[in-house]
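No value in this document is a laboratory result; all are computed from the given coordinates. Just so it is clear, the structure is predicted and the values come from calculations on it, not from any experiment. Backbone-built Cβ (ideal geometry, glycine too); neighbour counts: all protein chains shown.
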Amino acid sequence: MSPTQKIFAGLVVAALAVPFVPGLIYPIFVMKVMCYGLFACAFNLLLGFTGLVSFAHAAFLGTAGYVTGALMIRFGAHPLGVPAAFAAGVAAAALVGFAIGGLAIRRRGIYFAMITLALSQIVYFLAVQFRWTGGEDGLQGIPRGSLLGLDLSSDTVMYYVALALFCAGFLFVERVVHSPFGQILQAVRDNEARATSLGYDAGRFQLLAFVLSAAVAGYAGALKALVFGLVSLNDVSLHTSTEVVLMTLLGGVGTLLGPLVGAALVVGLQNYLATIGDLVTVVIGLIFIVCVSFFRRGLVGEVLHWRRRRAERARPLPAREQPVVAKVA
Amino acid sequence: MSDITLQAFMAQLTVGLIGGCFYAMLSMGLAIIFGLLNIINFTHGAQFMMAAFLAWIGLTQVGPWLGQPDLQVNFWLALVLAPALVAAFGMAIERTLLRRLYHLDHLYGLLLTFGVALVMEGGFRYAFGVSGQGYEPPEILQGPVDVGFMLLPKYRVFVVVASLLICLATWYLFERTKLGAYLRAGTENPRLLQAFGINVPVMITLTYGFGVALAGIAGVLAAPIMQVTPLMGGSLLNIVFAVVVIGGLGSILGAMVTGLGLGLIEGLTKVIYPEASTVVVFVIMALALLVRPAGLFGREA
């Protein structure tokens with residue numbers, strides 16, 4: 001087991017215990033952290049491991065939420081309602097991801113972010129215009145239905161199902177990062193020209209990563225819709241796209257656990273600061289500035305860096321090679 | 001076409017033209033900043049908003065604050081002071097924060113300017129709320145003027161003329177003067193330019209200030225037309241980004257022409273299918289990317 005997996009297993013054990021210790025942490029809060037944590041992991045798959053910055057991720061979270069929610073409202077009572085609605089939500093997010101990514105990938109560098117931002121505005125506009133998304137009201141009162149005979153309307157059952165889905169999502173992202181596919185993505189991120197010269201079609205891999213990231217973001221959005229029973233315009237707004245950038249940056253870009261830590265901090269901060277209203281934006285902006293200016297590695301990244309430095313210092317000096325003495329006969 | 005629909009048509013076209021003027025001024029500022037600093041200034045919208053707010057504060061708030069209700073900073077003074085203040089603020093940010101990021105991936109500059117925009121917008125929201133504030137245009141520009149085929153508010157004609165003049169002056173400055181030659185040289189090869197004895201760091205700061213000042217002028221001009229709110233810049237900037245993607249950041253003239261053109265198209269959409277007018281620019285951007293991935297004016301950055 002790698003250190004990351006050990007720490008993750010520890011977190012999961014702690015999360016398993018949460019419903020047994022009432023009053024310490026609200027399970028609802030933990031579920032919110034899990035949803036946003038997955039969302040940030042999806043974003044990090046793109047920013048951290050592919051080197052592309054997207055301002056459209058709320059569009060994927062929201063699309064999946066709307067599709068899952070709308071299907072649950074209509075077919076939620078069906079025994080297969082939950083998996084079907086979930087799958088449809090993820091597929092819709094992947095499709096929107098393919099459309100946005102396919103267009104954005106046509107331009108490089110600085111334009112990429114601007115294109116994703118502009119295209120996500122179209123998704124927002126459609127969410128306002130369509131009738132099935134509920135327009136300004138969004139979708140409310142989405143039933144949780146049941147999964148494999150388990151009634152999800154109980155908060156405790158929902159909690160454990162959400163935890164299981166969260167673990168599956170996180171382990172999937174971890175698997176992708178360490179797979180040959182993930183290695184190619186990182187090679188493209190580090191040096192696109194070199195990866196191309198080795199025969200990899202950089203654009204194709206970037207688009208695949210984009211669609212995959214959109215699908216995982218959709219997975220988080222579908223889970224969020226199911227847990228909280230509502231989807232609003234805020235879920236497809238630029239504001240949410242910004243938050244996920246902040247979570248990833250704060251936790252550590254390109255680390256596996258960083259997005260989870262960042263999501264927990266930002267969600268906690270929002271709960272804690274809910275009373276100060278408009279100043280939350282100021283605080284979030286200041287965190288952005290501090291992160292970018294002073295610790296670009298993020299919290300988890302700093303810890304990893306510190307450990308690596310310590311390991312390097314502790315290692316004995318490389319054994320000196322025996323000087324080659326010309327043998328004189 | 002009957003007379004009344006022609007009137008409505010022309011009126012919407014004028015609204016579109018004015019929108020286009022703001023797009024042109026803002027995207028020119030973005031292009032200028034990108035050229036030399038190699039960052040996308042996400043603070044542009046907030047700086048636009050800040051200038052509009054400063055003008056409004058000057059007209060309605062400063063007097064009561066100082067206990068002299070008659071004291072007002074009028075429109076003309078604000079047109080100079082507000083952009084200057086916003087530019088000074090921007091240059092302070094450039095000197096203290098942005099400068100430290102030039103050697104890194106442009107992603108960090110983008111995120112930093114984004115954070116600054118959040119702080120500014122949140123701050124103004126906290127101080128003044130989200131409801132729109134009205135701003136009266138100066139007396140000399142109130143009332144209608146006959147432009148031959150229809151009556152238009154004087155102020156709107158003034159905005160179109162003023163912004164076109166500013167755009168042309170900027171173009172002249174950058175493409176036809178010695179200073180402009182230095183700036184373009186700085187875009188191509190800053191180290192070589194520095195070797196010729198030009199203080200490039202100072203030039204970069206001043207260029208940033210100039211680009212921001214353009215946003216500031218646009219903000220003050222917009223104050224009597226749009227509602228002055230903390231959110232006025234952010235939504236406008238989203239559209240300006242699409243404009244910039246279509247026109248490219250490579251040329252000042254390109255930014256100007258695309259901005260004006262898209263404003264007009266947006267005005268036309270308001271006549272034909274009003275609901276879509278908020279997204280028509282984004283849709284055009286998507287189409288342009290399909291047809292001409294490198295942008296209408298070529299040159300990939």
For A:ARG297, other-chain or 5+-apart residues with amide H closer than 5 Å (H placed, Pro excluded) are none
Rounded to one decimal in Å, the inverse mean reciprocal Cα-Cα distance for the stretch B:128-272, i.e. its Kirkwood radius, is 17.9 Å
For the stretch A:105-134, listing trypsin sites (Lys or Arg not before Pro) in a DSSP loop whose Cβ sees at most 13 other Cβ atoms within 10 Å gives A:ARG131
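For chain B, what is the convex hull volume of the alpha-carbon atoms per residue, in Å³?
Per residue, the Cα convex hull of chain B comes to 151 Å³.
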For B:GLN133, the residues 5 or more places away or on another chain with a placed amide H closer than 5 Å to its own amide H are B:VAL228, B:THR229
With the charge dipole of the protein assembly as shown built from beta-carbon charges (+1 for Lys and Arg, -1 for Asp and Glu) about the Cα centre, the Cα from B:TYR208, B:VAL161, A:PHE8 projecting farthest to the positive end belongs to A:PHE8
Taking chain A and counting helices only, DSSP H stretches of n ≥ 4 at -39,500 (n - 2.57) each over all residues, the nearest-500 ellipticity at 222 nm comes to -24000 deg cm²/dmol
In Å, the C-alpha Rg and Dmax of the stretch A:140-257 are 17.7, 55
Counted neighbours (other Cβ, 10 Å), sorted fewest up, put A:HIS178, A:HIS57, B:HIS103 in the order B:HIS103, A:HIS178, A:HIS57
In deg cm²/dmol, rounded to the nearest 500, the helical mean residue ellipticity at 222 nm of chain B, built from -39500 (n - 2.57) for every DSSP H run of length 4 or more, is -23500 deg cm²/dmol
Neighbour-count ranking for A:VAL244, A:VAL13, A:VAL303 (other C-beta within 10 angstrom, fewest to most) reads A:VAL13, A:VAL303, A:VAL244
The longest stretch of chain B containing none of the chymotrypsin sites (Phe, Trp or Tyr not before Pro) that sit in a DSSP loop with at most 10 other Cβ atoms within 10 Å is B:1-148
Net charge (Lys, Arg +1; Asp, Glu -1) of residues whose beta-carbon lies under 12 Å from that of A:GLY301, A:GLY301 excluded, is +3
For chain A, the Debye formula with one identical point scatterer on each Cα and no solvent gives log10 I(q)/I(0) at q = 0.14, 0.15 Å⁻¹ as -1.14, -1.30
Gyration tensor (Cα only) of the stretch A:174-329 to equivalent ellipsoid, semi-axes in Å sorted down, yields 41, 24, 14
Neighbour-count ranking for B:LEU112, B:LEU26 (other C-beta within 10 angstrom, fewest to most) reads B:LEU112, B:LEU26
Using the Kirkwood formula on alpha carbons, the hydrodynamic radius of the protein assembly as shown in angstrom works out to 26.4 Å
